[in-house]
């Protein structure tokens with residue numbers, strides 16, 4: 001277990017290093033610097049500004065100090081939001097994005113697993129067919145389309161919920177549903193497939209033969225093993241939800257990290273782009289690590305590998 | 001093998017219907033100049049923002065352009081970005097994955113470690129960054145999506161090649177003294193075609209979706225190119241009063257992705273029966 005853990009941590013550090021390097025050099029070869037946008041600055045001022053942000057130093061030195069900064073969670077000052085640190089901006093916006101992501105993931109799990117169980121249990125009935133059709137539809141729906149329809153009816157037509165922003169709980173319903181639709185459908189499909197397999201296995205037959213109640217057979221015996229593939233899905237799902245947030249934040253005007261990322265790219269605010277990318281990457285690899293650990297806890301068979 | 005698969009897929013009605021829909025959409029996109037009564041850039045200020053009617057089936061946008069024609073031409077971009085990106089990713093994935101799987105040993109573990117690292121990157125963000133460098137046209141988005149898309153394919157191909165390598169017919173080929181290259185291309189790859197085709201079918205809608213997300217938030221294609229995502233982006237700005245502007249691009253995209261997913265499910269059952277666990 002310890003070796004496994006150490007090896008995973010090593011992969012995480014390597015991944016983040018590669019990500020940092022890619023981001024740094026990609027943004028340096030992009031044509032057009034951050035300070036030659038609308039009106040050209042006089043050369044002296046421009047030189048001063050570039051000196052302030054360290055843009056006049058040799059590339060490798062910038063790269064070095066950038067890496068050193070990252071290791072201390074310091075991404076430097078933002079180019080566009082004068083006087084603000086990237087770290088500050090991220091600390092301001094990250095909780096919002098996390099909140100949205102956690103709500104959606106929660107919704108996806110409490111919707112997806114029961115639907116999957118139900119349709120596996122009622123395999124080849126109309127319950128199964130209609131819920132699986134809905135699940136494929138849920139996977140195929142572009143989230144901005146879901147968002148647009150929800151806003152149109154619930155906010156504009158029926159006036160039940162606010163169309164945008166992120167303040168009280170009423171603001172959080174529509175974004176959560178919009179982001180949760182696709183993960184819920186994926187979880188439902190996977191739960192169904194996994195449960196169908198374990199429901200036919202020997203240990204379930206044994207449990208039935210012992211006279212265990214039907215509910216207990218499904219929930220305690222069959223479902224526990226079917227959850228393993230679902231848990232492995234949570235890694236890619238975390239990735240989907242993380243990047244999904246930036247479409248949702250755009251639609252609902254939520255002041256989260258994704259919205260800042262979009263603005264930062266258009267503004268060529270390099271430090272902010274790099275900071276957000278690094279945080280996204282960090283959360284992604286951490287999510288994958290947690291999934292690996294959860295995997296080892298749920299299924300003792302994978303522990304020794 | 002393919003005859004049997006065809007028999008199986010013929011019974012799967014949803015995938016036949018989906019295939020028909022996709023075929024019709026593709027033909028319409030190819031024949032767009034013949035079908036569209038208006039060109040996608042033709043502006044007509046007097047007819048701006050008309051709700052769907054007999055002349056303009058899907059209505060017109062704020063510049064008086066016919067939405068139906070724009071969706072028709074948008075299909076060309078959306079479908080070809082999806083298709084070519086998926087094919088490109090698959091091509092790289094096959095080369096990378098079969099080298100890793102066939103050579104094995106240290107080469108394999110090195111290549112797979114690299115793939116693991118690339119796989120853990122936030123792909124949509126990396127796509128955005130790459131597009132800043134290679135440009136925001138169809139070619140740029142194709143390269144950027146392809147660069148992050150091949151890793152999954154490589155892992156799939158590697159797994160399959162590893163399995164096939166142990167088969168008797170491969171051992172027979174090797175004992176006859178065939179060159180590794182020939183064994184790989186003549187004996188192994190044809191046998192893993194099933195899973196590969198299935199993953200291609202799922203890869204296309206993923207790329208169409210990714211492109212439309214990027215274009216929707218304004219980080220994807222730039223004018224004059226119009227994909228379904230950029231149309232949705234334009235529609236988004238005025239949709240409170242003119243909901244049809246986002247409804248039609250959205251529904252067309254939805255039907256396309258839905259059809260690809262049903263087709264993929266059907267193909268998987270027919271070509272790759274063991275993998276029903278993968279979703």
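The values are calculated or read from the model by the stated rules, or taken from the named source; none is laboratory data. All values derive from a computational prediction rather than experimental measurement. No Cβ is skipped: glycine too gets one built from the backbone with ideal geometry, and neighbour counts run over all protein chains shown.
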In the set B:248, B:213, the lone residue that is within 7 Å of another protein chain (Cβ to nearest Cβ), surrounded by fewer than 24 Cβ atoms within 10 Å (Cβ to Cβ), farther than 17 Å from residue A:163 by Cα and in contact with a helix residue (DSSP H, G or I) (Cβ under 9 Å, 6 or more places away or on another chain) is B:213
All-but-one check, residue A:109 against (1) without any contact (Cβ under 8 Å) to a residue 60 or more places away in the chain; (2) crowded, with 18+ Cβ neighbours inside 10 Å, failing number (1)
*asked:* Tell me whether segment B:113-131 contains one or more residues that are within 12 Å of chain A (Cβ to nearest Cβ), touching a helix residue (DSSP H, G or I) at 6+ places or on another chain (Cβ under 8 Å) and farther than 25 Å from residue A:12 by Cβ.
replied: yes
Within segment B:227-240, the residues that are surrounded by fewer than 24 Cβ atoms within 10 Å (Cβ to Cβ) and touching a residue at least 24 places away in the same chain (Cβ under 8 Å) are B:234, B:238
Counting only residues in segment B:72-111 that are within 14 Å of chain A (Cβ to nearest Cβ) and surrounded by 18 or more Cβ atoms within 10 Å (Cβ to Cβ), the one farthest from the chain's Cα centre (by Cα) is identified as B:74
Result of the Cβ filter at 6 Å on segment B:116-129, keeping first residues that are buried (at least 19 other Cβ atoms within 10 Å of the Cβ) and partners that are at pLDDT 80 or above and in a loop (DSSP other than H, G, I, E, B), at least 6 apart or interchain, is B:128/B:219
If you go through A:255, A:271, the only one that is closer than 30 Å to residue A:81 by Cα, more than 13 Å from chain B (Cβ to nearest Cβ) and not in a helix (DSSP H, G or I) is A:255
Regarding residue B:183, is this residue in contact (Cβ under 8 Å) with a residue 12 or more places away in the chain, over 28 Å from residue A:259 (Cβ atoms) and part of a helix (DSSP H, G or I)?
yes
Filtering segment A:57-87 for residues that are on the phi > 0 side of the Ramachandran plot and within 24 Å of the chain's Cα centre (by Cα) leaves a count of 1
Of A:207, A:222, the only residue that is crowded, with 22+ Cβ neighbours inside 10 Å, touching a helix residue (DSSP H, G or I) at 6+ places or on another chain (Cβ under 9 Å), in a helix (DSSP H, G or I) and without any contact (Cβ under 8 Å) to a residue 60 or more places away in the chain is A:222
Any residue at all in segment A:165-175 that is touching a residue at least 40 places away in the same chain (Cβ under 8 Å) and within 14 Å of another protein chain (Cβ to nearest Cβ)? no
- Message: Quick check on segment A:225-245. Is at least one of its residues in a helix (DSSP H, G or I), farther than 27 Å from residue A:298 by Cβ, touching a helix residue (DSSP H, G or I) at 6+ places or on another chain (Cβ under 6 Å) and within 10 Å of chain B (Cβ to nearest Cβ)?
- Response: no
Of the candidates A:195, A:174, A:179, the one satisfying the condition of being more than 30 Å from residue A:121 (Cβ to Cβ), buried (at least 23 other Cβ atoms within 10 Å of the Cβ), in contact with a helix residue (DSSP H, G or I) (Cβ under 9 Å, 6 or more places away or on another chain) and at pLDDT 85 or above is A:174
